[in-house]
Amino acid sequence: MGMDLRAPRGTKDILPPESYLWKEIERVVDEVALLFGYDEIRTPIFEQAALFKRSVGEETDIVSKEMYLFTDKGGEEMALRPELTASVVRAAIEHNIVTKQISCSRLYYNSAPMFRYERPQMGRQRQFHQFGIEILGAVSPLADLQVIAFSLAVYQKLGFSNFHLKLNTLGSQSSRERWREELVKYLQFNLDTLSEDSKRRLETNPLRILDSKNPIDQAIVQGAPEITDYLDEADAEHFDELQSLLRSAKISYSIDPHLVRGLDYYSRTVFELTSTDLGSQDALCGGGRYDTLIEKLGGPPTPAVGFAAGVERLVLVLSKLRGGEIARPKPDAYLVIADKEGQEVGIQIASELRNAGFSVIYDLLDRSMKAQMREADKSGTRFVLLLGSDELAAGEITLKMMDTGAQERISQENLANRLKNP
Ligand code: AMP
């Protein structure tokens, strides 16, 4: 049979047992959110395209090349969301979550699908998933520290330590403008040597030249003016304070003056966590401060900071770390029903056990007792319950403890209690 329907390029079906790894990650993110006191937010998968144009920026790759756009039947231009910060800010303004009063919201999202039309490769997809947090209303570097600490807590809880924290500041708007002017001058001076991509970027998004992977660009970038020389006093103090907080929290980091991130809305702190267990797409998560975005989208002036982490890359690292072994949950009990006459009672026993909190599996294929026993063995169950014609007639059931092999016949009524005290 010819099968020509496939999942779209750059998307992936998440099949068992890998789906258990996803569940584990989602559970850990929920747990860390609870430990840090964050509330979950969920927003629509599509938004007005204008939201991302105004926040992420028209000249960024994400908006200018990678956005999934469509016009809906009402004639409005919509976009599948390429990231979540803009949506969270839109929602926060719309529902007055950020107000003029002094207050702070701590929000998180978990396993949320995002869409970017990129060239798919290992760790880079067109539909991918992110978890992350947004702190709205806090100007203190304490908030920047918490964003970093939150992300680290997730990775640490999942049991790995092979990551590296890169940190930079982009200053506030006025210091960044002064730096940008000098940077553009310097790059223009070196225009002839720059790669074609970077030549084009010089017109549209010159900061992105700093993180170009092209070796020739990189050599030029080495001598470029650095933001740290252009920071105003408040910017410099913020950056210093964050670093001293990181040191006292014993979080190691390195400063990367060329870390700019691909979105327009960042100011002051930016950071990225990379893993040596990933290939060229080695960023596990990234984030930073966006003190002017909320006002720009029509809300009250509100400082904010957050991060977003890729789930696919985390799954890649975790699978590698665990040698490809993914634990599936094992059933508590496997119920073997010898023949059709036993099915009615069997179904009732299974449902009573489930009500008592035990997971129960039974055969759905009317297979022979021997085949059912084989299945039970394979399932890794703790208890095998055998309902044969003798048992049925006597209102009893045979219970086999798989760890010891011990076997006993007990009344069906006592079964749940017996399993509770094996
Ligand atoms: P960004 O939203 O670009 O700051 O990305 C934050 C994180 O999301 C990255 O560090 C990656 O882990 C993940 N990510 C971004 N784009 C993709 C993609 N196309 N495929 C898979 N993961 C991605």
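So Asn96 fits all but one of (1) at positive phi; (2) open to solvent by less than 80 Å² (accessible area, probe 1.4 Å); (3) at pLDDT below 95; what number is the exception?
Here Asn96 meets the rest and fails (2).
Among the numbered criteria (1) more than 16 Å from the ligand (Cβ to nearest atom); (2) at negative phi, which one does Lys250 miss?
In the conditions (1) more than 16 Å from the ligand (Cβ to nearest atom); (2) at negative phi, Lys250 misses (2) alone.
Could you list, in sequence order, all residues of segment 332-345 that are of a type outside the set (D, E, K, R) and either outside the structural domain of Ala376 (by TED's automatic domain parsing) or touching a Leu at 6+ places or on another chain (Cβ under 8 Å) (or both)?
Answer for segment 332-345, where residues must be of a type outside the set (D, E, K, R) and either outside the structural domain of Ala376 (by TED's automatic domain parsing) or touching a Leu at 6+ places or on another chain (Cβ under 8 Å) (or both): Ala333, Tyr334, Leu335, Val336, Ile337, Ala338, Gly342, Val345.
Please determine whether any residue of segment 346-363 is on the phi > 0 side of the Ramachandran plot and away from the ligand (no atom under 16 Å from the Cβ).
yes
Could you go through segment 102-121 and let me know if any residue there is among the hydroxyl-bearing types (Ser, Thr, Tyr), open to solvent by less than 10 Å² (accessible area, probe 1.4 Å), within 11 Å of the ligand (Cβ to nearest atom) and in the same structural domain as Thr269 (by TED's automatic domain parsing).
no
Output the number of residues of segment 188-207 satisfying the condition of being within 22 Å of Ser267 (Cα to Cα) and of a type in the set (A, V, I, L, M, F, W, C).
Matching residues across segment 188-207 total 2.
Taking segment 319-332, which residues are basic (Lys, Arg), in a loop (DSSP other than H, G, I, E, B) and farther than 22 Å from Gln372 by Cα?
Across segment 319-332, the qualifying residue is only Arg322.
Between a first residue in segment 398-422 that is outside the structural domain of Phe383 (by TED's automatic domain parsing) and open to solvent by 40 Å² or more (accessible area, probe 1.4 Å) and a second residue that is modelled with pLDDT of 95 or more and in a loop (DSSP other than H, G, I, E, B), which pairs have beta carbons less than 6 Å apart while being 6 or more apart in sequence or on different chains?
Matching pairs, first to second residue: none at all.
Confirm whether Asp211 is within 31 Å of the chain's Cα centre (by Cα) and among the charged types (D, E, K, R).
Answer is yes for this residue.
Among the helices (runs of 4 or more DSSP H) lying completely within segment 117-223, list those that include at least 3 residues that are touching a Cys at 6+ places or on another chain (Cβ under 9 Å) and at pLDDT 90 or above.
Answer list for segment 117-223: 141-157.
Out of Leu318, Leu297, which single residue is within 16 Å of the ligand (Cβ to nearest atom) and closer than 29 Å to Glu134 by Cα?
Result of the check over Leu318, Leu297: Leu318.
Could you list, ordered by first residue, the pairs with Cβ atoms under 6 Å in which the first is in segment 231-255 and in the same structural domain as Leu152 (by TED's automatic domain parsing) and open to solvent by 60 Å² or more (accessible area, probe 1.4 Å) and the second is assigned to a helix (DSSP H, G or I) and not β-branched (Val, Ile, Thr), at least 6 apart or interchain?
What qualifies is Glu241/Pro141.
Scan (1) in contact (Cβ under 8 Å) with a residue 12 or more places away in the chain; (2) in a loop (DSSP other than H, G, I, E, B) for the single condition Leu365 breaks and write down its number.
The one condition Leu365 does not meet is (1).
Please work out if Lys65 is in contact (Cβ under 8 Å) with a residue 40 or more places away in the chain, out of contact with any Leu (no Cβ under 9 Å at 6 or more places or on another chain) and surrounded by fewer than 13 Cβ atoms within 10 Å (Cβ to Cβ).
When the stated conditions are applied, Lys65 passes them.
Across segment 333-360, what is the total count of residues that are in a loop (DSSP other than H, G, I, E, B), closer than 16 Å to Leu386 by Cβ and open to solvent by 40 Å² or more (accessible area, probe 1.4 Å)?
Number satisfying all stated conditions: 1.
Can you name the residue in segment 271-290 that is more than 8 Å from the ligand (Cβ to nearest atom) and buried (at least 20 other Cβ atoms within 10 Å of the Cβ) and, of all such residues, is farthest from Gly159 (Cα to Cα)?
Checked segment 271-290; the qualifying residue farthest from Gly159 (Cα to Cα) is Tyr290.
The values are calculated or read from the model by the stated rules, or taken from the named source; none is laboratory data. Since the structure is predicted, the reported quantities are computational estimates derived from the model, not experimental observations. A quick note on method: Cβ atoms are made from the backbone with ideal geometry, for glycine too, and the neighbour counts reach across all protein chains shown. Remember, those area values only see protein heavy atoms, side chains included, never the ligands or the DNA or RNA. Shrake-Rupley method; radii C 1.70, N 1.55, O 1.52, S 1.80 Å.
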